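A.B. asks: Just passing along the structure, written as structure tokens.
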Amino acid sequence: MHEIGPHSLSDLVSGGIFSLLFVTARVGVAFAFLPGFGDSYVNLTLRTLLSVGISFTLLPALWPVLPAMPHDISLLLALFVHEVIIGLFIGVVGRLMIMALDLAGILIATNTGLSAATSFNPALASAGPIVTNFLTLSAILTLFVTNLHHMLIGSLVSSYNVFRPGDALQAQDMSMTVLNIVAHAMQLGFQLAAPFIVMGLVFNVGLGLLARLVPQMQVFLIGLPVQVLVGMTILSLIIAVMIQMWLSDFQQAYLGIFQ
């Protein structure tokens with residue numbers, strides 16, 4: 001039987017550590033930006049442990065495509081920088097899709113009279129309209145309830161077929177993809193808020209006509225509660241469709257790139 005000598009055992013251990021760190025570079029950076037994993041309310045230590053654990057789980061499946069550890073420090077740094085950029089790209093795609101809900105929430109709050117009602121949004125790590133907070137947190141919750149986070153992990157595995165380690169970085173394709181995602185996110189945000197934009201336009205035109213017909217009436221004091229009531233009624237009726245529409249586009253964004 002062939003025995004493993006000290007030198008070969010050392011190479012085996014160092015190669016395994018290198019492969020684990022190599023996979024963690026892409027997975028860890030992606031998890032720092034992915035919705036639900038990279039949000040501010042997720043503990044940094046738990047996120048790091050989760051990234052390392054998932055990297056260790058994916059290691060056997062990715063072993064055939066992983067490069068050998070280079071002895072040149074410059075090549076080693078270049079490989080890790082390549083993986084960090086790919087992980088950043090994967091995470092930014094999901095973060096841009098979250099921005100569609102942010103835009104929709106701002107438009108909805110503006111047209112329902114709730115733009116002044118703000119609170120801290122942990123998904124975006126900033127203060128925003130309470131409608132935006134409700135939409136983003138509902139979407140992230142539904143993302144995990146429907147097991148679409150498995151699709152995100154699957155996209156990380158598939159990314160090694162699209163962006164192979166050691167290959168030249170596809171900077172132009174990645175830039176065009178990000179631009180397309182930004183354009184689609186803005187379009188999706190307006191589509192989700194379209195009923196409220198129409199409602200706000202009709203409501204404000206009606207208030208303007210009412211103010212002209214009955215000048216002595218305080219239309220603002222009467223109209224604002226009605227505007228909030230109508231807006232919240234519409235939101236309660238179509239919130240499920242809005243989240244389903246966003247989940248579908250979120251899934252297609254990743255499947256279109258990595259499948």
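The values are calculated or read from the model by the stated rules, or taken from the named source; none is laboratory data. Given the structure is predicted, the values throughout are model-derived calculations rather than measurements. Note: ideal-geometry Cβ built from the backbone for every residue, glycine included; neighbour counts use all protein chains shown.
A.B. asks: So, of the residues in the range 70-124 that are of a type in the set (S, T, N, Q) and either over 30 Å from Leu169 (Cβ atoms) or within 23 Å of the chain's Cα centre (by Cα) (or both), which turns out to be surrounded by the fewest Cβ atoms within 10 Å (Cβ to Cβ)?
C.D. replies: Among those residues, the one meeting the criterion is Ser119.
A.B. asks: Examine the range 128-141 for a residue that is of a type in the set (S, T, N, Q) and over 24 Å from Val230 (Cα atoms), and state whether such a residue exists.
C.D. replies: Checked the range 128-141: no residue is of a type in the set (S, T, N, Q) and over 24 Å from Val230 (Cα atoms).
A.B. asks: Go through the range 164-177 and count every residue that is among the hydrophobic types (A, V, I, L, M, F, W, C) and either over 21 Å from the mean Cα position of the chain (by Cα) or surrounded by 14 or more Cβ atoms within 10 Å (Cβ to Cβ) (or both).
C.D. replies: Of the residues in the range 164-177, 3 are among the hydrophobic types (A, V, I, L, M, F, W, C) and either over 21 Å from the mean Cα position of the chain (by Cα) or surrounded by 14 or more Cβ atoms within 10 Å (Cβ to Cβ) (or both).
A.B. asks: Here's something else I'd like to know. Which pairs do you get when a residue that is in contact (Cβ under 8 Å) with a residue 24 or more places away in the chain, found in the range 230-241, comes within reach of a residue that is surrounded by 12 or more Cβ atoms within 10 Å (Cβ to Cβ) and assigned to a helix (DSSP H, G or I), reach meaning Cβ atoms under 6 angstrom, with the pair 6+ apart or on two chains?
C.D. replies: From the range 230-241, the pairs are Gly231/Thr112; Ile234/Pro195.
A.B. asks: So, in the range 179-195, how many residues would count as being surrounded by 21 or more Cβ atoms within 10 Å (Cβ to Cβ) and under 18 Å from Ile257 (Cβ atoms)?
C.D. replies: The total comes to 3.
A.B. asks: Here are Asn161, Asn133: which of them is more than 13 Å from the chain's Cα centre (by Cα), closer than 30 Å to Ile239 by Cα and either surrounded by fewer than 16 Cβ atoms within 10 Å (Cβ to Cβ) or touching a residue at least 12 places away in the same chain (Cβ under 8 Å) (or both)?
C.D. replies: It is Asn133.
A.B. asks: Then there is this: Return only the number of the condition from (1) in a helix (DSSP H, G or I); (2) β-branched (Val, Ile, Thr); (3) surrounded by fewer than 18 Cβ atoms within 10 Å (Cβ to Cβ) that Val42 does not satisfy.
C.D. replies: (1)
Listed here are the residues, each with its yes/no results for (1) at pLDDT 90 or above; (2) outside any helix (DSSP H, G or I); (3) within 17 Å of Phe31 (Cα to Cα).
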residue: Thr48; (1), (2), (3): no, no, yes
residue: Ala61; (1), (2), (3): no, no, no
residue: Gly87; (1), (2), (3): yes, no, yes
residue: Ala123; (1), (2), (3): no, yes, yes
residue: Asn133; (1), (2), (3): no, no, no
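A.B. asks: Let me ask something additional. Given (1) within 30 Å of Met69 (Cβ to Cβ); (2) part of a helix (DSSP H, G or I), where does Phe203 come up short, assuming only one miss?
C.D. replies: (1)
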